């Protein structure tokens, strides 16, 4: 039985996943692997959505999950815009969790939601733009957020609310610190010295 934790922070674009993940990482010692850490380097080579892009991003993510699960690190936080209407998204998360589950680690899910208006504001945040260069074309990025909202379902709509390893938080009016505190308490995460 491993004492590691894998925490998926999921939600729509610009819901605050990375910022909340950074705060949880700061308090717990879990390492943050936000989704764009895999996406941005590959975008320099291949366009989003192409076969080589998808293959490289998937392989890089999988390798990171396997290496962290096999390490003595306390665990990992991974941020992801889980589209619940796409079966492949759930399958991907299950695949990423497998190396942790195989070692008996805890796998947890924090689902964030926020109003579209607030997410459009967050889409322009300095930290987001610093970490995610592909979002710096603000007109495109705003349109992309709106299009994704129209095309996909980013809310579980309570599907997992009865599961102890799942927490759903509307963080429209909550600070990242408040959300992190709620998640840490809910999942029983403890501070880990780095």
Legend entry - Modelled FRET efficiency - R0 35 Å, residue 67 with residue 172, Cβ distances, 0.05 increments: 0.50
Legend entry - Relative contact order for the chain, counting Cα pairs under 8 Å that sit 6 or more residues apart, in percent: 36
Inset, instruction - Could you work out which residue, out of 154, 48, 65, moves most in a Gaussian network model of the chain, that is, has the largest mean-square fluctuation with Cα springs under 10 Å? - result: 48
Legend entry - MRE, 222 nm, helices only [DSSP H, n ≥ 4, -39500 (n - 2.57), over the chain, to nearest 500]: -15000 deg cm²/dmol
Legend entry - Length gained when the stretch residue 47-residue 60 is fully extended (0.36 nm per residue, less Cα-Cα span): 3.1 nm
Inset, instruction - Report the extension gain between residue 191 and residue 126 in nm, rounded to one decimal, defined as 0.36 nm multiplied by the number of residues separating them, less their alpha carbon distance. - result: 20.7 nm
Legend entry - Stokes-Einstein D (µm²/s) once Rh is taken as the Kirkwood radius of region 1-103 over alpha-carbon pairs, at 37 °C in 0.692 mPa s: 231
Legend entry - Cα shape, region 122-194, gyration tensor, a/c 1.5 rule: oblate
Inset, instruction - Just report the Cα centroid separation between region 99-133 and region 1-62, whole Å. - result: 8
Inset, instruction - Return the Rg/Rh value of the chain, two decimal places, where both radii are evaluated on C-alpha atoms and Rh is the Kirkwood radius. - result: 0.94
Inset, instruction - Among 150, 177, rank each residue by its count of other Cβ atoms within 10 Å, from fewest to most, as a rough exposure measure. - result: 150, 177
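Taking R0 as 35 Å, what FRET efficiency do you get between residue 147 and residue 103 from their Cβ-Cβ distance, rounded to the nearest 0.05?
Once the sixth-power term is evaluated, E becomes 0.35.
All of the numbers you see were taken from the coordinates with simple rules; none came from a lab. Computed from a prediction, not measured in an experiment: that's the story for all the values here. Don't worry about glycine lacking a Cβ; one is built from the backbone with ideal geometry, like all the others, and counts go over all protein chains shown.
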